[in-house]
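The values are calculated or read from the model by the stated rules, or taken from the named source; none is laboratory data. Bear in mind the structure is a predicted one, so any value in this text is a computation, not a measurement. We place every Cβ from the backbone using ideal geometry, glycine too, and count neighbours over all the protein chains shown. Ligands, DNA and RNA are stripped out before the accessible areas are found, and what is left, the full protein with its side chains, is counted by its heavy atoms. Shrake-Rupley method; radii C 1.70, N 1.55, O 1.52, S 1.80 Å.
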Amino acid sequence: MYTNITISDPTENFTAKPTIFPRSGYGILSFLMFLNAIFSIFNNILVIFVTLKYPQLRNPINIFILNVSFSDLLMTLCGTSIVVSTNYHGYFYLGEKFCVFQGFAVNYFGIVSLWSLTMLAYERYNVVCEPVGALKLSNRRGYQGLAFIWLFCLVWAIAPLFGWSSYGPEGVQTSCSIGWEERSWSNYTYLISYFLTCFIIPVTIIGFSYGSILLSLHKLNRKIEDQGGKTNREEELRVVLMVLFMVIAFLVCWLPYTVFALIVIMKPTLYIPPLAATLPTYFAKTSPVYNPIIYLFLNRQFRICAVELLTCSHIDLSTPEEETISMVGPVETALKPNQVAPA
């Protein structure tokens, strides 16, 4: 009943397997990816427009958040939108070269977002936890950080193009990514290196940075209470939940990749069902939806500017006092001593 389909092209010889998954399953994946693409494009374009329109949002910390939205938007356009069409057809019908391009783009823009979130966490740690004399984030240093991120991630994205691992169809054969299922020493060494630089190191930096921030907030509240002052426990809880959401979102996006890579390395002969092999990429493709919500939509100053933009200034949620506040982020603002009212 089902057969493989060979794509005939003068310049390409590419075989896809549209028979791995039921036709209705491909339709469901196509619909889910369509919703994902719509929300991703809207959320990230809104973040970019609002940040560029309102000068009070263009501070060094938000440079990294803006970069996350830009890379997430590109990942959606080059990855998720293509997957909508290929799932609708039931196989990757666009040819081998386009498959390699999609795998490269999703990998590149994905790890750019990952390392942008990592740098964001580290710079927030510097703002909150380092002594006054420590090196603080400036626009110049922020742009230098962005240049490092894009160049560093480019190295990891182009490596498979030169034979260190590879790009190709994965899972149910409707999307392309790193050749996770390839059993070779070249692929194993790439996956191990990728695992260390694109998961272990970022998770360590993020965990240390936000853990230190929460500890600083707790110590600040204890110190104020010991001096007879009154602290805002609701604000502390809000920051704890914010950090928890950030870490969980990060793990949801990248943990499946890590688990899959480790399984392939440790159990080369283990058979992995196509649907299970597809999950890592699909989890990563959800990050452009929730990244803007977590990192900016929960920022009160950004929400005020976004509502003003979307309603053409007919709704103004700000107060005169808030208009004078320069907020670099919800975590940093919560840790400022002047946010805690003394008794």
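Can you find a residue in the range 22-38 that is over 24 Å from the mean Cα position of the chain (by Cα), part of a loop (DSSP other than H, G, I, E, B) and at pLDDT below 90?
Yes, there is a match, as at least one residue in the range 22-38 is over 24 Å from the mean Cα position of the chain (by Cα), part of a loop (DSSP other than H, G, I, E, B) and at pLDDT below 90.
Can you tell me which residue among 76, 118, 51, 80 is open to solvent by less than 10 Å² (accessible area, probe 1.4 Å), more than 25 Å from residue 194 (Cα to Cα) and assigned to a helix (DSSP H, G or I)?
Working: 76 fails: more than 25 Å from residue 194 (Cα to Cα); 118 fails: more than 25 Å from residue 194 (Cα to Cα); 80 fails: more than 25 Å from residue 194 (Cα to Cα).
Residue meeting the stated conditions: 51.
Looking at residue 179, is it within 17 Å of residue 107 (Cα to Cα) and at pLDDT below 80? Steps first, please.
Numbers: within 17 Å of residue 107 (Cα to Cα): yes; at pLDDT below 80: yes.
Spelling it out, residue 179 is indeed within 17 Å of residue 107 (Cα to Cα) and at pLDDT below 80.
Can you give me the number of residues within the range 272-303 that are open to solvent by less than 10 Å² (accessible area, probe 1.4 Å) and in a loop (DSSP other than H, G, I, E, B)?
Residues flagged as open to solvent by less than 10 Å² (accessible area, probe 1.4 Å) and in a loop (DSSP other than H, G, I, E, B) within the range 272-303 amount to 2.
Quick one: residue 130 ticks every box in (1) out of contact with any helix residue (DSSP H, G or I) (no Cβ under 8 Å at 6 or more places or on another chain); (2) surrounded by fewer than 22 Cβ atoms within 10 Å (Cβ to Cβ); (3) over 24 Å from residue 203 (Cβ atoms) bar one, so which box is it?
(3)
Enumerate the pairs (first residue in the range 288-300 and under 15 Å from residue 73 (Cβ atoms); second residue anywhere and open to solvent by 50 Å² or more (accessible area, probe 1.4 Å) and at pLDDT 80 or above) with beta-carbon separation below 6 Å, excluding pairs fewer than 6 apart on the same chain, so at least 6 apart or on different chains.
Going by the 6 Å Cβ cut-off, the qualifying pairs are 289/39.
Which of the residues spanning the range 34-61 are within 13 Å of residue 288 (Cα to Cα) and free of Cβ contacts under 8 Å to residues at least 24 places away in the same chain?
35, 38, 42 - these are the residues of the range 34-61 that are within 13 Å of residue 288 (Cα to Cα) and free of Cβ contacts under 8 Å to residues at least 24 places away in the same chain.
For the range 59-90, enumerate the residues that are over 18 Å from residue 147 (Cβ atoms) and not polar (S, T, N, Q).
Across the range 59-90, the qualifying residues are 72, 73, 75, 77, 78, 79, 82, 83, 84, 88, 89, 90.
List the number of the failed condition for residue 62; all other conditions in (1) in a helix (DSSP H, G or I); (2) modelled with pLDDT under 90; (3) open to solvent by 50 Å² or more (accessible area, probe 1.4 Å) hold.
Unmet for residue 62, out of (1) in a helix (DSSP H, G or I); (2) modelled with pLDDT under 90; (3) open to solvent by 50 Å² or more (accessible area, probe 1.4 Å): (3).
Of everything in the range 165-179 that's outside any strand (DSSP E or B) and open to solvent by less than 10 Å² (accessible area, probe 1.4 Å), which residue is nearest to residue 99 (Cα to Cα)? Before the answer, list the steps.
Step one: filter the range 165-179 for residues outside any strand (DSSP E or B), giving 165-166, 171-174, 179.
After this cut, where a residue has to be open to solvent by less than 10 Å² (accessible area, probe 1.4 Å) as well, the list is 165, 171-172, 174.
Values: 165: 15, 171: 13, 172: 14, 174: 9 Å.
Selected residue: 174.
Residue-wise test of (1) outside any helix (DSSP H, G or I); (2) in contact with a Cys (Cβ under 9 Å, 6 or more places away or on another chain); (3) within 18 Å of residue 256 (Cα to Cα); (4) open to solvent by less than 10 Å² (accessible area, probe 1.4 Å).
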site: 182; (1), (2), (3), (4): yes, no, yes, no
site: 188; (1), (2), (3), (4): no, no, yes, no
site: 193; (1), (2), (3), (4): no, no, yes, no
site: 204; (1), (2), (3), (4): no, no, yes, no
site: 216; (1), (2), (3), (4): no, yes, no, no
